[in-house]
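J.: Questions regarding the structure given below will be posed in turn.
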Amino acid sequence: MIATFARFIKGSLKSRAPGRRPPSLKDLQPIRSALLQCITDCDNVPALRLRHKIGQAKTAQELWLLRNDAYQLISQQTSQAVAAERINALITHFDGWLEPRQLVRIK
């Protein structure tokens, strides 16, 4: 119990992202493209808004947060299973740009 608590404290005091540089706009392009690709079959006003938000996003975190909107659009156009599959496929694009604990799959 004490060892677990000590590991928790030690982990929370560590630097969040040692040596990790913030992604440039060029670094974000593959993530942006993958996110846009997963909503290509969505042709409504909310999809247009989401495409605009994806284009305006300046960080990997902003793009990661937009995946919820993408999930909603895809699930309305197809099904929740298809939406989960597409959104989960995006995780590899975010790997290395976000904390590993943020990279959670949709079930």
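Read-outs: derived from the displayed coordinates by stated rules, not from any lab. This is a predicted model, so every value here is computed, not measured. Every residue, glycine among them, receives a Cβ derived from its backbone with ideal geometry; neighbour counts consider all protein chains shown.
J.: Just give me the residues in the range 67-107 being over 27 Å from SER24 (Cβ atoms), surrounded by 19 or more Cβ atoms within 10 Å (Cβ to Cβ) and either under 13 Å from the mean Cα position of the chain (by Cα) or among the β-branched types (Val, Ile, Thr) (or both), in sequence order.
T.: Hit for the range 67-107 is ILE74, nothing else.
J.: On the given criteria, is ARG67 among the basic types (Lys, Arg), in contact with a helix residue (DSSP H, G or I) (Cβ under 7 Å, 6 or more places away or on another chain) and under 15 Å from THR92 (Cα atoms)? I'd like the intermediate steps shown before the answer.
T.: Values: among the basic types (Lys, Arg): yes; in contact with a helix residue (DSSP H, G or I) (Cβ under 7 Å, 6 or more places away or on another chain): yes; under 15 Å from THR92 (Cα atoms): yes.
Spelling it out, ARG67 is indeed among the basic types (Lys, Arg), in contact with a helix residue (DSSP H, G or I) (Cβ under 7 Å, 6 or more places away or on another chain) and under 15 Å from THR92 (Cα atoms).
J.: Which residues, taken from the range 27-64, are of a type outside the set (Gly, Ala, Ser) and touching a strand residue (DSSP E or B) at 6+ places or on another chain (Cβ under 9 Å)?
T.: Restricting attention to the range 27-64, the residues satisfying the condition of being of a type outside the set (Gly, Ala, Ser) are 27-32, 35-46, 48-54, 56, 58-59, 61-64.
GLN61, TRP64, listed by residue number.
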